[in-house]
Amino acid sequence: MKRRVEEIKEMGERALKEGGSSHSNLTSLIEDMRNQVSKTLQGISMMNLDILIPNVALYQKAMISSQLKRYS
C-alpha cells in the first residue's frame, strides 16, 4: 500500500512539473483566457464611445448621489 501511495505521489509531482500534463493543461487554459479577454477588450474599444461615455457619467452621478445620501 505504501508503495502505491509513493507511485501516485510521484505521478502527481510529474504532472505538476513544467512540461507535465497538468502544467501543460493549465498553461493552455490561461492562454485561452488571455486570448478571450483580449478579443473582448478589442470589441469594447470598437464600440461607439458616444453610447459608452454617457452611461459611465450617469453611473458616476448615481454613485456620488448615493454616497452623499449615506453621509447626510
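The values are calculated or read from the model by the stated rules, or taken from the named source; none is laboratory data. If you're wondering where the values come from, they're calculated on a predicted model, not measured in any experiment. Glycine gets a Cβ as well: all are built from the backbone with ideal geometry, and neighbour counts include every protein chain shown.
See the values below:
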{"item": "Residues within the stretch 1-22 that are in a helix (DSSP H, G or I), modelled with pLDDT under 80 and basic (K, R), tallied", "result": "0"}
{"item": "Pairs with Cβ under 6 Å, 6+ apart, first in the stretch 9-38 and at negative phi and surrounded by 11 or more Cβ atoms within 10 Å (Cβ to Cβ), second among the polar types (S, T, N, Q) and part of a helix (DSSP H, G or I)", "result": "A15/S21; A15/S22; L16/S22"}
